[in-house]
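The values are calculated or read from the model by the stated rules, or taken from the named source; none is laboratory data. The shown structure was predicted, so the numbers you read here are calculated from the model rather than taken from an experiment. We place every Cβ from the backbone using ideal geometry, glycine too, and count neighbours over all the protein chains shown. Side chains included, ligands, DNA and RNA excluded: accessible areas come from the protein's heavy atoms. Shrake-Rupley method; radii C 1.70, N 1.55, O 1.52, S 1.80 Å.
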Amino acid sequence: TMNEKNNCVLKLDHLIFDELHFERKGFQNQNVLQYRFGFNFETHGSTGLIAHVLIEGNKQDEYTVLVRASGYFVLDESSEYDRLILRQNAAAIVFPYMRSQLSLLTSQPEVDPLILQPVNIAQLVKETLEEDDKTKSAKNE
């Protein structure tokens, strides 16, 4: 976690849902829901950070659901911060909005409303960024 003096480093300026999608495939069943998460980050100047987060769920032969959201953050310029921690925190701030949206999208007849279990977002973001770095360095070799 960030130490005390850094607790206002990130300010959420805008939160938007880029895409919401629910597609019914068939009747309710006992299949296990498979998840996929995606994270992508953009920086704007020295103080702008955009966190793009994707959650995709696939319950085979019942439905697919997708939520894509973007959080637009402003950074406190005077703070010393770590690139990874910043991105982890940005994604963690956007995530709860997406969880409730997933529940809303699946609150319909003959569907168990989707309650996404707590996820280790910090770890997922770290793995995503490490993959991205690997891909970039592979391209540059």
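Within the stretch 120-141, the set of residues being surrounded by 15 or more Cβ atoms within 10 Å (Cβ to Cβ) and either basic (K, R) or within 25 Å of T64 (Cβ to Cβ) (or both) comprises I121, L124, V125, K126, T128.
Counting only residues that are assigned to a helix (DSSP H, G or I), touching a residue at least 60 places away in the same chain (Cβ under 8 Å) and not β-branched (V, I, T), the stretch 52-97 holds 4 of them. Look through the stretch 1-35, keep the residues that are charged (D, E, K, R) and either open to solvent by less than 60 Å² (accessible area, probe 1.4 Å) or at pLDDT 95 or above (or both), and return whichever of them is farthest from the chain's Cα centre (by Cα). If we take residues in the stretch 1-35 being charged (D, E, K, R) and either open to solvent by less than 60 Å² (accessible area, probe 1.4 Å) or at pLDDT 95 or above (or both), then K25 is farthest from the chain's Cα centre (by Cα). R83 meets the conditions (1) open to solvent by 30 Å² or more (accessible area, probe 1.4 Å); (2) over 23 Å from E131 (Cα atoms) in every case but one. The failed one is (2).
Of the set (1) surrounded by fewer than 19 Cβ atoms within 10 Å (Cβ to Cβ); (2) modelled with pLDDT of 95 or more, all apply to D112 but (2). So, of the residues in the stretch 46-63 that are among the β-branched types (V, I, T) and buried (at least 19 other Cβ atoms within 10 Å of the Cβ), which turns out to be farthest from Q101 (Cα to Cα)? So the residue we want is V53.
Here T106 meets each of (1) of a type in the set (S, T, Y); (2) surrounded by fewer than 16 Cβ atoms within 10 Å (Cβ to Cβ); (3) closer than 16 Å to L20 by Cβ with one exception, condition (2).
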